[in-house]
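The values are calculated or read from the model by the stated rules, or taken from the named source; none is laboratory data. None of these values were measured; they are calculated from a predicted model. For neighbour counting, all protein chains shown are included, and Cβ atoms are generated from backbone atoms with ideal geometry for every residue, glycine included.
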Amino acid sequence: MDTWEFYTEKLIPALNEGLWMSVLIIVPSAALGVLIGVLAGAGRAAGPPWLRRVLDLYVSVFRGTPLVVQLTMWYYGLPGVSRFLGSILGPMGLPEFTWRFLVLSPYVASVVAFTLCSGAYQSEYIRGAILSIRKGQFQAAKSLGFTDSQTFWSITAPVAMRRALHGCGNEIIYLIKYSSLALLVTIQELTGKSNALASFYFRPLECYLLTALYYLALVSLATFFLRWLENRLRVPGMGMAKTG
Amino acid sequence: MTGRPEGSPPGAAGPPLMEARNITKILGGKLILDDVSLSLNRGEFKVLIGPSGSGKSTLLQCVHFLLIPDGGDVLLEGASAVEMGHKNVCAFRREIGMIFQDFNLFDHLTARDNVAIALRKVKKVPKAAAMARAMGELERVGLADKAGLYPAQLSGGQKQRVSIARAMAMEPKLMLLDEPTSALDPELIGEVLNVIANLARGGMTMLMVTHQIGFARHLVNEINFMEDGRIIERGHPEALLADPASRTATFCSRLSELTGNQ
Ligand SMILES: Nc1ncnc2c1ncn2[C@@H]1O[C@H](COP(=O)(O)OP(=O)(O)OP(=O)(O)O)[C@@H](O)[C@H]1O
Ligand SMILES: [Mg+2]
């Protein structure tokens with residue numbers, strides 16, 4: 001097989017399949033991660049003390065342990081919990097789904113792991129952005145008769161969004177790259193495919209180089225979009241961090 | 001009495017426009033306001049002066065119910081803020097405007113949106129009408145040409161004028177001003193004082209914390225001198241300042257020694 005054919009017939013079609021799988025993991029993980037980050041970040045910045053403590057615990061666990069460990073726990077660890085639950089709930093006559101739901105498919109385990117980890121980091125940016133809003137902004141809103149929810153939607157949210165955008169964008173770019181860990185739970189995404197091809201054809205250099213280019217393209221696309229968004233939302237003098 | 005507009009003769013029947021009754025406030029375990037009472041009739045302009053830490057800002061915030069007093073009540077046209085309850089406190093605040101020392105414009109909005117946003121979100125005025133109103137208010141403070149600029153693009157004096165326009169757009173019954181010029185470079189103070197003087201001439205009821213005694217003495221009806229959480233002297237500026245034994249006169253002469261004006 002000559003090199004050109006190897007590329008067009010084998011490598012590229014296989015990597016394209018892997019790319020599609022990667023996108024299927026990255027997009028929902030990023031979207032849900034931002035959502036969780038916003039909720040957890042707002043809760044940590046402005047919630048009641050008990051909620052803050054719960055959310056701080058969530059963040060310290062998910063930021064404080066390696067993602068590989070989290071991912072393998074979701075996929076390989078939970079079935080053990082499920083068996084244990086089953087041994088208790090089964091004899092009690094409960095239906096099987098009450099413990100079977102803990103056995104996750106590789107895809108669900110990956111999305112759950114990436115979402116929760118990403119959400120923990122996102123919440124840091126959101127929390128910091130909310131806490132950085134000067135007290136005077138809230139006082140002014142109060143003095144004009146804003147209710148708490150009017151203040152949140154008119155002041156807190158638009159300002160915090162701008163302040164957090166840069167950090168949240170960076171986190172999404174990390175997510176694109178750590179999505180490759182999904183190969184550890186048997187998913188044939190970009191890196192998984194590339195691994196398989198490299199060992200099958202004994203051509204690791206080409207396989208991995210091309211894979212790297214695929215990731216570079218994904219990251220460039222995300223960077224371009226984030227930059228566009230930052231420019232659209234840019235407000236003179238608001239001290240939004242510049243995209244590097 | 002200078003500055004008192006027609007339509008509110010002294011001793012007019014009916015309650016004062018605003019009456020703060022026996023306000024006390026404790027902050028950080030310390031008694032910051034100690035049984036302060038103060039009232040303004042419609043169209044009156046009163047000034048609050050006193051040493052730093054005497055509780056002037058705290059008093060304004062209590063009158064506005066931005067800080068809830070620990071004791072006492074504020075009545076606006078006879079309506080009690082305490083009786084209004086927690087749920088309606090926003091409606092109470094809406095009737096009063098506040099000008100802050102450091103402007104507190106919304107950083108993410110243009111001058112025009114700063115003025116329009118409360119009209120739209122709080123008063124639910126339709127967008128086009130709110131924008132037109134905002135332009136009108138900016139025009140009144142001489143900033144129609146700056147409507148599209150963000151706070152970071154305005155000078156301090158311009159920011160303060162926008163914040164006055166923002167408060168005025170809500171048609172407040174009472175305006176509270178907390179050292180509106182003390183964060184400004186000297187050459188920018190005049191433009192803001194001009195706008196405030198115009199409000200006074202227009203009959204706006206105002207309570208202002210200021211150390212600009214030269215400005216105040218010709219415009220205001222009363223000076224209230226605060227110390228340690230109490231108003232310890234009150235009276236017409238000419239009377240207070242003419243009496244060399246008054247605390248107000250001593251304080252003001254020390255001020256002018258320090259700042260070197262008047
Ligand atoms: N949140 C707070 N917690 C504890 N103490 C406070 C708080 N806010 C204000 N104080 C204290 O209350 C006192 C009065 O403060 P306030 O700001 O009302 O004074 P002021 O007369 O406006 O002074 P200045 O002329 O410096 O503005 C000060 O001693 C201040 O330290
Ligand atoms: Mg003060």
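Only one of (1) part of a helix (DSSP H, G or I); (2) of a type in the set (Phe, Trp, Tyr); (3) within 14 Å of chain B (Cβ to nearest Cβ) fails for A:Phe114. Which number is that?
(3)
Which of the residues spanning region A:125-183 are facing chain B (nearest Cβ under 10 Å) and in a loop (DSSP other than H, G, I, E, B)?
Answer for region A:125-183, where residues must be facing chain B (nearest Cβ under 10 Å) and in a loop (DSSP other than H, G, I, E, B): A:Ile133, A:Arg134, A:Leu144, A:Gly145, A:Phe146, A:Thr147.
In region B:93-102, what residues are within 8 Å of chain A (Cβ to nearest Cβ) and among the hydrophobic types (A, V, I, L, M, F, W, C)?
Hits for region B:93-102 are B:Ile96, B:Met98, B:Phe100.
Quickly run through region A:185-233 and pick out the residues that are within 14 Å of chain B (Cβ to nearest Cβ) and touching a residue at least 40 places away in the same chain (Cβ under 8 Å).
A:Glu230, A:Leu233
Can you name the condition, by its number, that B:Ser182 falls short on among (1) among the polar types (S, T, N, Q); (2) within 16 Å of ligand 1 (Cβ to nearest atom); (3) more than 22 Å from B:Phe225 (Cβ to Cβ)?
All conditions pass for B:Ser182, except number (3).
Determine whether region A:46-57 contains at least one residue that is modelled with pLDDT under 95 and surrounded by 13 or more Cβ atoms within 10 Å (Cβ to Cβ).
yes
Residues that are hydrophobic (A, V, I, L, M, F, W, C) and either within 13 Å of ligand 1 (Cβ to nearest atom) or in contact (Cβ under 8 Å) with a residue 60 or more places away in the chain (or both): does region B:106-116 have at least one?
No, region B:106-116 contains no residue that is hydrophobic (A, V, I, L, M, F, W, C) and either within 13 Å of ligand 1 (Cβ to nearest atom) or in contact (Cβ under 8 Å) with a residue 60 or more places away in the chain (or both).
Could you grab me the full set of residues in region B:211-227 that are touching a Ser or Thr at 6+ places or on another chain (Cβ under 7 Å) and over 16 Å from B:Thr250 (Cβ atoms)?
Residues satisfying the conditions are B:Gln212, B:Ala216, B:His218, B:Leu219.
Could you list, in sequence order, the residues of region B:25-70 that are more than 13 Å from ligand 2 (Cβ to nearest atom), touching a strand residue (DSSP E or B) at 6+ places or on another chain (Cβ under 7 Å), at negative phi and not aliphatic (A, V, I, L, M)?
Matches in region B:25-70: B:Lys25, B:Asp34, B:Ser37, B:Ser39, B:Phe45, B:Lys46, B:His64, B:Pro69, B:Asp70.
A:Gly93 is checked against (1) in a helix (DSSP H, G or I); (2) of a type outside the set (D, E, K, R); (3) surrounded by fewer than 14 Cβ atoms within 10 Å (Cβ to Cβ) and fails just one. What number does that condition carry?
The single condition A:Gly93 does not satisfy is (1).
For region B:67-94, enumerate the residues that are crowded, with 18+ Cβ neighbours inside 10 Å and assigned to a loop (DSSP other than H, G, I, E, B).
Those that are crowded, with 18+ Cβ neighbours inside 10 Å and assigned to a loop (DSSP other than H, G, I, E, B): B:Leu67, B:Pro69.
Report, by residue number, each residue of region B:44-63 that is under 19 Å from B:Lys173 (Cα atoms) and touching a Lys or Arg at 6+ places or on another chain (Cβ under 6 Å).
Of everything in region B:44-63, those that are under 19 Å from B:Lys173 (Cα atoms) and touching a Lys or Arg at 6+ places or on another chain (Cβ under 6 Å) turn out to be B:Leu48, B:Cys62.
Looking at region A:82-103, I want the residues that are farther than 24 Å from A:Thr72 by Cα and have a partner that is part of a helix (DSSP H, G or I) with Cβ atoms under 6 Å, at least 6 apart or on another chain. Which pairs are those?
Filtered contacts from region A:82-103: A:Leu89/A:Thr98; A:Leu89/A:Trp99.
Please state which one of B:Lys173, B:Lys159 is surrounded by fewer than 20 Cβ atoms within 10 Å (Cβ to Cβ), over 18 Å from B:Ile49 (Cα atoms) and at pLDDT 95 or above.
Result: B:Lys173 is the single residue among B:Lys173, B:Lys159 that is surrounded by fewer than 20 Cβ atoms within 10 Å (Cβ to Cβ), over 18 Å from B:Ile49 (Cα atoms) and at pLDDT 95 or above.
Go through region B:120-137 and give me each residue that's assigned to a helix (DSSP H, G or I) and at the interface with chain A (Cβ under 9 Å from one of its Cβ atoms).
B:Arg120, B:Lys121
So which of B:Leu33, B:Leu60, B:Leu48, B:Leu67 is within 13 Å of ligand 1 (Cβ to nearest atom), within 16 Å of B:Phe225 (Cβ to Cβ) and within 14 Å of chain A (Cβ to nearest Cβ)?
Criteria check complete, one pass: B:Leu60.
Going by the structure shown, is B:Arg140 closer than 15 Å to B:Met170 by Cβ, more than 14 Å from chain A (Cβ to nearest Cβ) and of a type outside the set (Val, Ile, Thr)?
yes
If you take the residues of region A:58-78 that are surrounded by fewer than 14 Cβ atoms within 10 Å (Cβ to Cβ) and not charged (D, E, K, R), which of them is nearest to A:Ile25 (Cα to Cα)?
Here the answer is A:Val68.
Under the condition of being within 16 Å of ligand 2 (Cβ to nearest atom) and among the polar types (S, T, N, Q), which residue from region B:98-118 is farthest from B:Lys56 (Cα to Cα)?
Top of the filtered list is B:Asn104.
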